[in-house]
């Protein structure tokens with residue numbers, strides 16, 4: 001059992017644990033059993049394998065660790081480039097949306113002014129006023145919804 005532990009762990013066995021392991025599972029107290037169970041847990045998260053795993057690959061196939069690292073770096077570069085392109089596309093879309101909204105709003109107000117000019121003051125005022133309020137609320141509503149949408153996406 002002690003040999004198995006030493007193969008699976010790169011750390012030295014503590015004297016307490018060494019004493020427990022020397023009993024070979026005979027007459028272990030509850031406290032000793034808890035010490036055996038709660039030994040070590042190692043979690044590694046990232047785009048590259050843990051260094052000890054890379055070392056194992058390198059031992060099996062020399063140069064493979066370098067290939068794995070280069071592959072991870074290339075993936076990282078590609079991901080950043082994709083994020084940059086996505087950001088640029090969103091920025092262009094918003095710019096286009098703003099100009100289209102401005103153009104439509106201006107056109108609606110011009111039609112309302114034309115109606116007022118031709119003697120239809122009530123219709124022109126209603127048309128321009130309601131349309132202007134709708135356009136303003138639409139733009140204000142879109143800018144307020146975006147942070148909420150981002151917050152919802154982060155929680156998923």
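The table for this structure:
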quantity	calculated
Peptides ranked, highest mean first, by Cβ atoms within 10 Å: ranges 123-130, 98-105, 80-87	123-130, 98-105, 80-87
Cut-off 11 Å (backbone N to label point 7 Å along Cα→Cβ of residue 76), residues of the range 47-65	47-48
Contour excess over end-to-end distance, with Cα ends at residue 136 and residue 98 and 0.36 nm allotted per residue	12.5 nm
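We did not get these values from a lab; they are worked out from the coordinates using the rules stated. The structure displayed is predicted, hence computed values, not measured ones. Ideal geometry is used to build each Cβ from the backbone, glycine not excepted, and the neighbour counts take in all protein chains shown.
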